[in-house]
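A short write-up of the structure that comes next.
The values are calculated or read from the model by the stated rules, or taken from the named source; none is laboratory data. Given the structure is predicted, the values throughout are model-derived calculations rather than measurements. Virtual Cβ from ideal backbone geometry, glycine too; neighbours counted across all protein chains shown. The accessibility values were calculated without ligands, DNA or RNA, using every heavy atom of the protein model including side chains. Shrake-Rupley method; radii C 1.70, N 1.55, O 1.52, S 1.80 Å.
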Amino acid sequence: MDNNYLAELLFPNIKTLPEDMEARFPARNLPEGAKVTRFAPSPTGFVHFGGLFPSTVGERLAHQSGGVFILRIEDTDAKREVEGAAEGLIKTLSTYGINFDEGAILDESGKISDHGAYGPYKQSMRGEIYQTYAKQLIREGKAYPCFTTEEELEELAQVNKKEELKNTDWQAEAEARRAEMLARRNFTIEEAEEHITAGHLFVVRILADGDPEKKTKFTDLIKGNIEVPENDEDFVLLKSDGIPTYHFAHAVDDHLMGTTHVIRGEEWLPSLPKHIMLFRYLGFRLPKYMHIAQIMKLDEAGNKKKLSKRDMGANMDDYTRMGYCPEAVCEYIMTLLNSNYEEWHAQNPDKPYTDFPFNIKKMSTSGCLFDFDKLNDVSKNVISRMSAEDVTKKVTEWALEFDPAFGKVLAADPAFAEKIFAIGRGGKKPRKDLSTWADAKPYMGFFYDAFYAIEDAYPENFMKTDIKSALEKFTSTYDEADDMNVWFDKVKAIADQLGYASDMKAYKADPTAFKGSVADISMFIRVAVTGKMNAPDLYTVMQIIGKEKTLSRINAMITVLGA
Ligand code: GLU
C-alpha cells in the first residue's frame, strides 16, 4: 500500500511534519539534574485527595531541582468534562501550595490562559500537533485508519462484555479478538478512498508489533524493576473527531513539553506496554516514570480498601468545609509521601515543609493509608505553632463562610478573640486544642453569651450545697485585680473551709480524709463560668471575660442550683 498516499487521503489539511513540531518546541535549556514534571488532570470533577499526591510530588521534584512544573489540562473526553471544573481544580491546587510555572494558569479575571512556550496546554487545542504525528505514523506504516464507527465499536464492546460474562474460554476469545484485529488491518487503498469520499469517519489505530509472551524490563522509580509484556493491541491513537486518546496525547505531549518524570497514579501501570511502544514508534526518548500507589483507607471491618470518590476526605473541598488549614493537609501529605518526613520535622520544627529534602526513594511502593486521626494530630501541631493573630483571622474567615452566626461575633471584636486564642500559645509546650477551625466554637464559644449555656452539669457525686457554697464564697472574695497566685490562694481557702483538700499531695496521700480537692472546687467554678468541664486556664478566662460577666454567670448558676 502507498502509505504516503493514504496519509494524504486521511489528513489533507495537515501540512506540518514532526520536524516542524520539534522546531516549534525545542529541547529545554535547563541546568543538569533539573526535573520537568507535570500534573495532567482531566477536568471531570473535583480534586480528589489522591490527586494531591502526584501533584505534590511533581511540584516538589521540579521546584527542588530548579526545574519546571507544568499544568496540562487533559480535556480529550468531552463527554465527561464538567464545566468550570478546570478553573476549580487550579484554585484548589493553589490553596494547597501547588503552583505551576507553566501551563494553563488562571488569569486575574478567573479565566484559564496559556502561560509558557510549550502550549497550548489544553489538549483539546492541540489537534494539529497530534494529527501531525498520526499522519507521520501512517506514512511509516505504523498506524492505520479504521472506519468502524463509534456506534459500531460500542456495540461490539457490549457484545464482547456480554460474551465475557458467559464465556470462560479465554483462549478462544483471545483468538477471536486477534482475528477481528487482523481483519481490521486488512483493507485496500480503494476501500479507504471509498470511505473517505463517502465522508465516513475513521479512527487511527496503532499497528502493534508486540508479542505479549515477551517481556520488557522496566524500571519504575517507585515500584522498582518490573517486567511488562509487549503490547499486541491495535489501540486507538486518534478518535474520529481528531482528538487523541490518553495514550497518544501522553506520548506526544510529554515528549514535546520535555517532561523528564511522568508522575501518575498506578492505575496507569497496565497501560505502560502501550506507552513504551508509542515512544519507540515515534522515535521519542522514554521519560522516567513514577507510578504512585492508590490511597487506601480502613473500612469498618478493618480491611484496607481504596479511598473512593464518595468517601469522606476524598474531595478536597470537604477539607475547606471541615475547617482544615491547608498547611496541615500539606504536612500530612508529606508524612504519607516520605517515611522520614516526621523525623525531619521533629528536628526542624520551625521550617516549612518545602525545606524538607523530598526523596523519591523514601516513597511507599504500596498504598498509603488515609487516616483522619493522624491528620488531626498533624493539624493540632501545625495550628499550635501559629500566632494568635493568625488563628483569629483564619477561624473568623472560616466561620464567616461556614458558621456565620459564630463568624459575626468573632469579627465584631477581633482583639477580644485574639486574647482568647493567645491562651497557652507560644512557649515550648503550646496548647493543642484545635485540629480544625470548626473546633474553635466548642473550645471557646462560651466566651460569648450567644454560645454559652448555663446548665447544672455537675457530676452527681458532689453535694449541691457544697457547690453552691463554693460559688458563693468565690463571688464574695473575687477581685479582678488579684494576680494568679492570690486568686488561687483564695480558691484554696474555699477548699479548706468546705473540707476539701487545698494541698494536692495531702489529698493524694489520703483521699478518704477529704470530700474532694481544690481541683474540684476549681471545677465547680469552671462549670459555672464556662458551661464546660474542660476549659482553658480559668484565671485567664476570667481576666478576659471580665468581672461583671464572671460574677453574673456564677450568680446565675447559684440560682439554678436552687435554695
Ligand atoms: N489525565 C490523566 C488522569 O487524570 C493523567 C495521568 C497522567 O498524569 O499521565 O489520570
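Values as computed for the structure displayed
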{"item": "Thr95 vs. criteria surrounded by fewer than 20 Cβ atoms within 10 Å (Cβ to Cβ) and closer than 22 Å to Val252 by Cβ", "result": "no"}
{"item": "Residue among Asp241, Asp232, Asp299 that alone is farther than 30 Å from Glu180 by Cα and away from the ligand (no atom under 11 Å from the Cβ)", "result": "Asp299"}
{"item": "Candidates Ala481, Ala495, Ala470, Ala450 - the one that is under 48 Å from the mean Cα position of the chain (by Cα) and among the hydrophobic types (A, V, I, L, M, F, W, C)", "result": "Ala450"}
{"item": "Residues of the stretch 325-356 satisfying the condition of being open to solvent by less than 20 Å² (accessible area, probe 1.4 Å), of a type in the set (Ser, Thr, Tyr) and over 12 Å from the mean Cα position of the chain (by Cα)", "result": "Tyr341"}
{"item": "Residues being within 20 Å of Glu81 (Cβ to Cβ) and more than 11 Å from the ligand (Cβ to nearest atom) - total across the stretch 25-46", "result": "1"}
{"item": "Residues (touching a residue at least 60 places away in the same chain (Cβ under 8 Å) and in contact with a Gly (Cβ under 9 Å, 6 or more places away or on another chain)) located in the stretch 396-428", "result": "Trp398, Phe402"}
{"item": "Failed item in (1) at pLDDT below 80; (2) surrounded by 12 or more Cβ atoms within 10 Å (Cβ to Cβ), with Trp170 passing the rest", "result": "(2)"}
{"item": "Count of residues meeting criterion [in contact (Cβ under 8 Å) with a residue 60 or more places away in the chain and either within 16 Å of the ligand (Cβ to nearest atom) or not acidic (Asp, Glu) (or both)] in the stretch 14-23", "result": "5"}
{"item": "Residue ID - surrounded by the fewest Cβ atoms within 10 Å (Cβ to Cβ), chosen from residues in the stretch 394-424 that are assigned to a loop (DSSP other than H, G, I, E, B) and modelled with pLDDT of 95 or more", "result": "Asp413"}
{"item": "Top-ranked residue of the stretch 50-76 - restricted to ones that are of a type in the set (D, E, K, R) and buried (at least 24 other Cβ atoms within 10 Å of the Cβ), ranked as farthest from the chain's Cα centre (by Cα)", "result": "Arg72"}
{"item": "Filtered residues of the stretch 47-74 (kept if within 13 Å of the ligand (Cβ to nearest atom), assigned to a loop (DSSP other than H, G, I, E, B) and in contact with a Lys or Arg (Cβ under 6 Å, 6 or more places away or on another chain))", "result": "Arg72"}
{"item": "Complete set of residues in the stretch 264-296 that are of a type outside the set (Gly, Ala, Ser), within 12 Å of the ligand (Cβ to nearest atom), within 30 Å of Tyr144 (Cα to Cα) and touching a residue at least 24 places away in the same chain (Cβ under 8 Å)", "result": "Arg264, Glu266, Glu267, Leu269, Leu272, His275, Pro287, Tyr289"}
{"item": "Single unsatisfied condition, Gly224 versus (1) more than 30 Å from Ala176 (Cα to Cα); (2) open to solvent by 30 Å² or more (accessible area, probe 1.4 Å); (3) more than 16 Å from the ligand (Cβ to nearest atom); (4) at pLDDT 90 or above", "result": "(2)"}
{"item": "Verdict on Glu128 being more than 30 Å from Gly323 (Cβ to Cβ), of a type outside the set (Val, Ile, Thr), touching a residue at least 60 places away in the same chain (Cβ under 8 Å) and open to solvent by 20 Å² or more (accessible area, probe 1.4 Å)", "result": "yes"}
{"item": "Some residue of the stretch 23-42 being under 22 Å from Thr259 (Cα atoms) and in a helix (DSSP H, G or I)", "result": "yes"}
{"item": "Residues that are outside any helix (DSSP H, G or I) and either at pLDDT below 95 or hydroxyl-bearing (Ser, Thr, Tyr) (or both), drawn from the stretch 125-144", "result": "Tyr144"}
{"item": "Residue within the stretch 207-223 that is closer than 17 Å to Lys274 by Cβ, aliphatic (A, V, I, L, M) and in a loop (DSSP other than H, G, I, E, B) present", "result": "yes"}
{"item": "Residues being in contact with a Gly (Cβ under 7 Å, 6 or more places away or on another chain) and open to solvent by 20 Å² or more (accessible area, probe 1.4 Å) - total across the stretch 8-42", "result": "6"}
{"item": "Output for the stretch 483-500, where each listed residue is open to solvent by 60 Å² or more (accessible area, probe 1.4 Å) and among the aromatic types (Phe, Trp, Tyr)", "result": "Phe488"}
{"item": "Residues of the stretch 248-263 classified as open to solvent by 10 Å² or more (accessible area, probe 1.4 Å) and either within 10 Å of the ligand (Cβ to nearest atom) or polar (S, T, N, Q) (or both), total", "result": "2"}
{"item": "Any chance Glu154 is outside any loop (DSSP other than H, G, I, E, B) and at pLDDT 95 or above", "result": "no"}
{"item": "Qualifying residue in the stretch 51-70 (condition: within 20 Å of Phe248 (Cβ to Cβ) and touching a helix residue (DSSP H, G or I) at 6+ places or on another chain (Cβ under 8 Å))", "result": "no"}
{"item": "Test: residue in the stretch 431-441 that is outside any helix (DSSP H, G or I), among the basic types (Lys, Arg) and farther than 22 Å from Ser552 by Cβ", "result": "yes"}
{"item": "Complete set of residues in the stretch 75-109 that are outside any helix (DSSP H, G or I), under 26 Å from Phe370 (Cα atoms) and without any contact (Cβ under 8 Å) to a residue 60 or more places away in the chain", "result": "Ile98, Asn99"}
{"item": "Residue tally, condition under 17 Å from Tyr130 (Cα atoms) and open to solvent by 20 Å² or more (accessible area, probe 1.4 Å), over the stretch 227-247", "result": "8"}
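Yes/no per residue for (1) of a type outside the set (D, E, K, R); (2) under 16 Å from Trp487 (Cβ atoms); (3) open to solvent by 30 Å² or more (accessible area, probe 1.4 Å); (4) part of a helix (DSSP H, G or I):
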position: Met523; (1), (2), (3), (4): yes, yes, no, yes
position: Arg526; (1), (2), (3), (4): no, yes, yes, yes
position: Asn534; (1), (2), (3), (4): yes, no, yes, no
position: Lys549; (1), (2), (3), (4): no, no, yes, yes
position: Ser552; (1), (2), (3), (4): yes, no, yes, yes
position: Ala556; (1), (2), (3), (4): yes, no, yes, yes
